Amino acid sequence: MIPDKAPREDVYLVHDLKKESHVPSFEKYKELYLKSVENPTEFWGDVAKGYFWKSKHTGPFLDYNFDVTKGKVYVKFMDGATTNICYNLLDRNIHEKKLGDKVAFFWEGNEPGDELKITYRELLQRVCKLANVLKSLGVKKGDRISIYMPMIVELVVAMLACARIGAVHSIVFAGFSAESLSERILDSQCSLLITADGFYRGDKLISLKVIADDALEKCKEKNFSIQKCIMLKHLSKECSAPSPALGSQSPPAKRTCPNLQQERKETVKKARPLPQIPWNPEVDLCWHTLVEDASDECDPEWCESEDPLFILYTSGSTGKPKGVLHTISGYMLYTACTFKYVFDYQPQDVYWCTADIGWITGHSYITYGPLANGATSVLFEGLPTYPDVSRMWEIVDKYRVTKFYTAPTAIRMLMKFGDEPVRRFTRKSLKVLGTVGEPINPEAWLWYYNVVGEKRCPVVDTFWQTETGGHVLTPLPAATPLKPGSATFPFFGVVPAILNESGEELEGPNEGYLVFKQPWPGVMRTVYGNQERFETTYFKKFPGYYVTGDGCRRDKDGYLWITGRIDDMLNVSGHLLSTAEVESALVEHEAVAEAAVVSHPHPVKGESLYCFVTLKDGCEYGAALEAELKKKVREKIGAIATPDYMQNAPALPKTRSGKIMRRVLRKIARNERDLGDVSTLADSTVIEQLFQNRCCTV
Ligand code: PRX
């Protein structure tokens, strides 16, 4: 599967890293890889030796079944061992590795000059305080806690406080709507919500608490009540003065440990409107008041390896999001190990991942992986284009970032502005550049490599999913010769295969379904509350394999190239959306009888949404209705799902059995007349009408 020799032509290999690298050659990668797949117990057992276990595993080191025809699908790593992931990330690094005074995060706010830093020791104190608060509110091991917060240090504090007491966090990206938040709270029956007053994204105010309250109302309509909602004041950070909105909960005058928000240094303070904070004294609690008197010591709850760590929702092709469940030990080992090797982590590194913690990339590669390694990271609240398009490179120079991880959509967007905004800053600290979230086109890859990295920095194109927990196909920076646009080879412990429609494994250069043949520690364990959906989605199509839902090509040198989703999902700016999810939002509008959504290529976002809508009799299509429909989708899902193109479709192309022919709609959206076989079409006159009505802005 992996070639003996790396190819010589058309490849990029940077030699500067070899001296300090964990894996300095392709041969070394191959040696470690073979060990990891032939003897996973020994390989992961060695990784596990670096972490703290309260007690040893009681079952086999690895136990699993990937074959639905043989019974329940399950994966267990180190079953029965007891540990605590928060202890391993913080206490172990502070006490064993003596990293207490090392900076865990440099936080950089939306506004340049708004910043703070926090050491490992301070982070532990704050986590313990909140953990004690959660316990005092009755939160117990296994309880689900919903977190809906901006990109601030307290988001990390909240997730680790849950992990410390064995509670299961379910973080909802702060760009999601009230409807999406309520759907996620309901699905995992969360007992408590942690949120903030609001935040600014560039110039735009997001009133999180208002949206959170709306979500809680929607839960009530479905007969479910959250018991408590903790709100952090991020925008109105002065907590010493009693806030009228907080009613009687004015914080005590004397503080032993000032709140983090007050420690922010703001060199340039911008006058900004503050959000309205609706307050319900029966449910709402002020974060600052609660943590004020809480102890900054909290014994960790010793949990078992396969106890749940978190739930993170990802789009599902049926339209209903799936609660991907990850468990403690396997996820810890895998995120720690991938972080170490894929970014070739060294103790003096300053690492920066630009993702939001609300997505899996932020979970694995802002919080868990970097902290497990004792790394120093930048945590950025803002946007790459605010206040100008140099912001990223300014931050790179400011903190002397060595390892940088972002998404192809951000690279393509910045590329539009040319090289000058990049060259304004030196970027000389950079050593490794990473990408994630969607296929990267070679043009963007080369710009990232040549202009941003000045040919000094390897680009690691990491392919993975919410479900995989961590990188599964990826180069290693000093070992793998790179081909622009290829995620290259599997990470340790991962065994990919390419299958044809009949489920046969294809050898050599070929294209088909990307699957994995055996588990690695970070693979998801189930869909929360729905084992059947877990098995149907990932294991039914090809029994014995984990099915990614992505297509993949293997070239003559054995390199793997992701060709994109092969189900009804699309990837907008690195965010997966299901067409069904958007269609169901559209048909909720009273004027819409039917809707079909397809993917349309987009120069910056990768893909965009093209919607065909059929109106009910008597309803009229026009700009006002289009605006209403876009708003409807934003309200139901969030701004990331806003359709780019919308077209009136008096009728949709359907087969005789009534199935919408999306393949044909994709061609119409792209104005491609070669429709392939349309013999199953019930009424072919529909097609010409749709070509005539094409959305004129495409
Ligand atoms: O289609 C693949 C694409 O993103 C999907 C996973 O999305 P999500 O669960 O939201 O996680 C995104 C961050 C890990 C995959 O099924 N994808 C992710 N990374 C790449 C990619 N496609 C091509 N190349 C990548 N490097």
Item checked: Heavy-atom accessible area per residue - the stretch 12-87, 1.4 Å, Å² -> 51 Å²
Note to self: Give me, ordered by chain and number, the residues 5 or more places off Tyr313 or on other chains with an amide H under 5 Å from its own placed amide H.
What the structure shows: Val324
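So for the stretch 158-241: antiparallel DSSP bridges make up what percent, rounded to the nearest 5?
Values: 3 of 8 bridges.
Counting only bridges with both partners in the stretch 158-241, antiparallel ones make up about 40 percent.
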Notebook entry, point to check: What accessible area per residue comes out for the stretch 417-469, rounded to a whole number of Å², with a 1.4 Å probe?
Noted result: 35 Å²
Checklist line | Phe492 - accessible surface, heavy atoms, 1.4 Å probe, Å² rounded to 10 | finding: 0 Å²
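Find out how many positive minus negative residues lie around Ala682, taking Lys and Arg as positive, Asp and Glu as negative, among other residues whose Cβ is under 11 Å from that of Ala682. Spell out each step's value before the answer.
Working: positive: Lys654, Arg656, Lys659; negative: Asp683.
Surrounding charge for Ala682 is +2.
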Note to self: Suppose we keep just the alpha-carbon trace of the stretch 190-239; what are its Rg and Dmax in angstrom?
What the structure shows: 12.3, 37
Notebook entry, point to check: By how many nm would the segment from Arg634 to Asn441 grow when fully extended, if each residue of separation counts as 0.36 nm and the alpha-carbon distance is taken off?
Noted result: 66.7 nm
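Using the membrane-span-like helix rule (whole DSSP H runs, Cα extent along the own axis of at least 15 Å, mean Kyte-Doolittle hydropathy at least 1.0), which helices of the chain qualify?
Passing helices, by number: 153-165.
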Note to self: Rolling a 1.4 Å sphere over the protein heavy atoms, what is the accessible area per residue of the stretch 91-187, to the nearest Å²?
What the structure shows: 26 Å²
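In deg cm²/dmol and to the nearest 500, what is the mean residue ellipticity at 222 nm of the chain if only DSSP H runs of at least 4 residues count, each as -39500 (n - 2.57), divided by the residue total?
-7500 deg cm²/dmol, from helical runs alone.
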Check: Gap in Å between the Cα centre of the stretch 649-698 and the Cα centre of the stretch 387-404?
Finding: 46 Å
Next item on the list: Mind computing the radius of gyration and Dmax over the alpha-carbon atoms of the stretch 648-698? Å is fine for both.
Entry: 10.3, 33
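On the accessible surface of the chain, probed at 1.4 Å, how many percent belong to carbon and sulfur atoms?
Values: 13270 of 26410 Å².
Taking all protein chains in place, the chain shows 50 percent carbon and sulfur surface.
Starting from the Cα-Cα distance between Asn671 and Ser429, subtract it from 0.36 nm times their residue separation and give me the gain in nm to one decimal. Present the calculation step by step, with values, prior to reporting the outcome.
Details: separation 242, 0.36 × 242 = 87.12 nm, distance 4.61 nm.
Extra length available between Asn671 and Ser429 comes to 82.5 nm.
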Item checked: Label-to-label distance, nm, for residues given as Asp419 and Ser684 (7 Å Cα→Cβ offset) -> 5.3 nm
Checklist line | Nearest-0.05 FRET efficiency for Val587 and Glu620, computed from C-beta distance (R0 25 Å) | finding: 0.90
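Note the per residue figure in Å³ for the convex hull of the C-alpha positions in the stretch 396-473.
That works out to 92 Å³ per residue.
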Checklist line | Where trypsin sites (Lys or Arg not before Pro) fall in DSSP loop in the stretch 28-92, at most 13 other Cβ within 10 Å | finding: Lys49, Lys54, Lys56, Lys72
Notebook entry, point to check: Which net charge results when you count Lys and Arg as +1 and Asp and Glu as -1 among the other residues whose beta-carbon is under 12 Å from that of Leu192?
Noted result: +2
Check: With every protein chain in place, what's the accessible area of Asp203 (1.4 Å probe, Å², nearest 10)?
Finding: 100 Å²
Note to self: Ordering Thr41, Thr267, Thr548 by accessible area with a probe of 1.4 Å, largest first, what comes out?
What the structure shows: Thr267, Thr41, Thr548
Note to self: Can you return the lysines within cross-link range of Lys97? Criterion is Cα-Cα under 24 Å, with same-chain partners fewer than 8 residues away left out.
What the structure shows: Lys19, Lys49, Lys54, Lys56, Lys117, Lys129, Lys340, Lys403
Notebook entry, point to check: When all protein chains stay in place, what accessible area (Å², nearest 10, 1.4 Å probe) is found for Thr58?
Noted result: 120 Å²
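Within the set of other residues whose C-beta is less than 12 Å from the C-beta of Leu130, count the net charge using Lys and Arg as +1 and Asp and Glu as -1. Don't skip to the end; give the middle numbers.
On the way: positive: Arg126, Lys129, Lys135, Arg164; negative: Glu154, Glu292, Asp296.
Charge balance near Leu130 sits at +1.
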Check: So, in Å, what gap is there between the alpha-carbon centers of the stretch 503-558 and the stretch 429-455?
Finding: 27 Å
Check: What does the chain give for Rg and for Dmax, in Å, if only its C-alpha atoms count?
Finding: 25.1, 78
Checklist line | Built amide H within the under 5 Å cut-off of Lys228, gap 5+ | finding: Leu193
Next item on the list: Can you figure out the FRET efficiency of Glu507 with Glu217, using R₀ = 60 Å and their beta-carbon distance, to the nearest 0.05?
Entry: 0.60
Checklist line | Euclidean distance between Cα centres, the stretch 310-340 to the stretch 619-635, Å | finding: 35 Å
Check: Ranked highest first by the average count of other Cβ atoms within 10 Å around their residues, in what order do 389-399, 328-338 fall?
Finding: 328-338, 389-399
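The values are calculated or read from the model by the stated rules, or taken from the named source; none is laboratory data. Keep in mind that what you see is a predicted model, and the values were worked out from it rather than measured. Backbone-built Cβ (ideal geometry, glycine too); neighbour counts: all protein chains shown. Surface accessibility is based on the protein's heavy atoms, side chains included, excluding ligands, DNA and RNA. Shrake-Rupley method; radii C 1.70, N 1.55, O 1.52, S 1.80 Å.
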